[in-house]
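Data block below; observations after.
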């Protein structure tokens, strides 16, 4: 359910694009992100760092798109946000006692060097998504980019997570194993 909630702004962007074009879609994305953050704050009295970063970037690049009536800014946001996530994962290798993947996969026990490899795979993934976005943006039409933004990034993310879970499955602790300890 959280995944669908996180997708709400992107889905609204996609629908608005298909019915009204990129400028209206950008405004819809901005409003949906603000509503999403307001609801999250109301419900939990906190916001995740990822959501704050997304809100700031959507606001900056969305405003530039609306004022200048140029979709290039909202298109660039996809690459920039993925590269910022890559930097966050990379930085977590050197800051703190646990990297970001260790914090994400709490039920998995791995050796430190394996955690580093898993974390670096996220760095590579986010960096690659950023470059694929640029490639699509500059080599295909706007409609193809919008389809990639929704279906391509989500599909690639699902494939990446499934691949990681298959590789990490032997290390996942079950509830019964945890009860034995």
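The values are calculated or read from the model by the stated rules, or taken from the named source; none is laboratory data. A quick note: this is a predicted structure, and the numbers were derived from the prediction, not measured. Cβ sites come from the backbone with ideal geometry, for glycine too, and all protein chains shown count toward neighbours.
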Residues (more than 16 Å from residue 84 (Cβ to Cβ) and in contact (Cβ under 8 Å) with a residue 24 or more places away in the chain) located in the stretch 148-166: 149, 150, 154, 156, 160, 164
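Among the residues in the stretch 49-64, are any farther than 22 Å from residue 126 by Cβ and either touching a residue at least 40 places away in the same chain (Cβ under 8 Å) or in contact with a helix residue (DSSP H, G or I) (Cβ under 8 Å, 6 or more places away or on another chain) (or both)?
Yes.
Out of the residues in the stretch 158-170 that are loosely packed, with under 14 Cβ neighbours inside 10 Å and either in contact with a helix residue (DSSP H, G or I) (Cβ under 9 Å, 6 or more places away or on another chain) or at pLDDT 85 or above (or both), state the one that is nearest to residue 114 (Cα to Cα).
We begin by selecting, within the stretch 158-170, every residue loosely packed, with under 14 Cβ neighbours inside 10 Å; these are 158-159, 161-163, 165-167, 169-170.
Then drop every residue that is not either in contact with a helix residue (DSSP H, G or I) (Cβ under 9 Å, 6 or more places away or on another chain) or at pLDDT 85 or above (or both), which leaves 158-159, 161-163, 165-167.
Numbers: 158: 21, 159: 20, 161: 16, 162: 17, 163: 15, 165: 14, 166: 15, 167: 11 Å.
By that ranking, first place goes to 167.
Quick check, is residue 128 part of a helix (DSSP H, G or I) and touching a helix residue (DSSP H, G or I) at 6+ places or on another chain (Cβ under 8 Å)? Can you show your working first?
Details: part of a helix (DSSP H, G or I): yes; touching a helix residue (DSSP H, G or I) at 6+ places or on another chain (Cβ under 8 Å): no.
When the stated conditions are applied, residue 128 does not pass them.
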Criterion first (farther than 27 Å from residue 13 by Cα and over 18 Å from the mean Cα position of the chain (by Cα)) does residue 164 satisfy it? no
Which condition number in (1) in the same structural domain as residue 139 (by TED's automatic domain parsing); (2) in contact with a helix residue (DSSP H, G or I) (Cβ under 7 Å, 6 or more places away or on another chain) is the one that residue 95 fails? (2)
